[in-house]
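Read through the structure below, which is laid out as structure tokens, and then see the notes.
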Amino acid sequence: MWQKILDKAAAQIEPQTLYVVATPIGNLADITLRALAVLQRADLVCAEDTRVSQQLLSAYGIRAKLVSVREHNERQMTETITAALAAGQVVAQISDAGTPAVCDPGARLSTGVRAAGFKVVPVAGASAVMAALSVAGVTQSDFYFAGFLPPKAGERAQWFERWREVPYAVAMFETPHRIEAALAQMAEILPNRHLVLAREISKTFETFISGSVADVLAAVRADANQTRGEMVLVLHPPEAAAANELNDQARHIMSLLAAELPPKKAAALAADISGANKKALYEWAVAQKRE
């Protein structure tokens, strides 16, 4: 069955098109059939690091001409790529891992190719940001992606201060050599905010640490292994902001339980059932009684 799907994906590939292809962020099996079809068909594959990309292609028996497109040469390489597209070729853009142009090279290439009159088509796939958010337990539908945290402490502090009262979750990247310092600074400014540290997603040593910022900092300091690898941090919004995000279903469940149980117990059960914030449910129920 999968071969038919692969063949169909291959038949839909168009010449004179730049395909922006998401690749695995760890587990090689996390690649789509459409991505494989594009990479097999591509006349050129633009890679961030050709050595890293060659390992991926070799794992799937794909022989393609790799060209290096990095931050320092992206503008110049755009001319090379547009010339290849003008000649009727198919070009794929990949990064070392995940989706290109998200904290990686690719945005300038896409802009230049589109400006030259050629199609730019995304081939969706792995994303460390979305993978981390999917298991972080964030109930709000909106979030802010901050990219990499600033390397300088003063600028980091300004970011953390801005996030004190935001009504949405914040997802961010941090490097291994700065993670402890960043967490320590965050703990000073936002000590009780809920945080999830997602490390080495889909890789052998994948781990998730969840708790207050202070709790996550303590866990990292207690285990040196937690300062290694690729990291995504998901900072939950403050509970006061979450209180305004109760949906109709959560309120209905809480009203039914509060009619039979003490508010605290009802809120705990309603939170387990609906996934909503326990404190927000409790405060809502108390407000309803007053009214």
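Since every read-out is calculated from the coordinates, none of them should be taken as a lab result. What you are looking at is a predicted structure, and each value in this text was computed from that prediction instead of being measured. So basically every Cβ, Gly included, is an ideal-geometry build from the backbone, and we count neighbours across all protein chains shown.
Residues in region 184-211 that are touching a strand residue (DSSP E or B) at 6+ places or on another chain (Cβ under 8 Å), within 20 Å of V135 (Cα to Cα) and either touching a residue at least 24 places away in the same chain (Cβ under 8 Å) or of a type in the set (V, I, T) (or both): how many?
Selection size over region 184-211: 15.
Where residues in region 144-180 are under 17 Å from the mean Cα position of the chain (by Cα) and aliphatic (A, V, I, L, M), which of them is farthest from N277 (Cα to Cα)?
Going through the qualifying residues, I end up with L149.
Within region 65-83, can one find any residue that is small (G, A, S) and surrounded by 18 or more Cβ atoms within 10 Å (Cβ to Cβ)?
Kept after step one, since they are small (G, A, S), are these residues of region 65-83: 68, 83.
When the remaining residues are screened for being surrounded by 18 or more Cβ atoms within 10 Å (Cβ to Cβ), the result is none.
No, region 65-83 has no match at all.
Among the residues of region 265-291 satisfying the criterion of being surrounded by 14 or more Cβ atoms within 10 Å (Cβ to Cβ) and basic (K, R), which is farthest from V135 (Cα to Cα)?
K279
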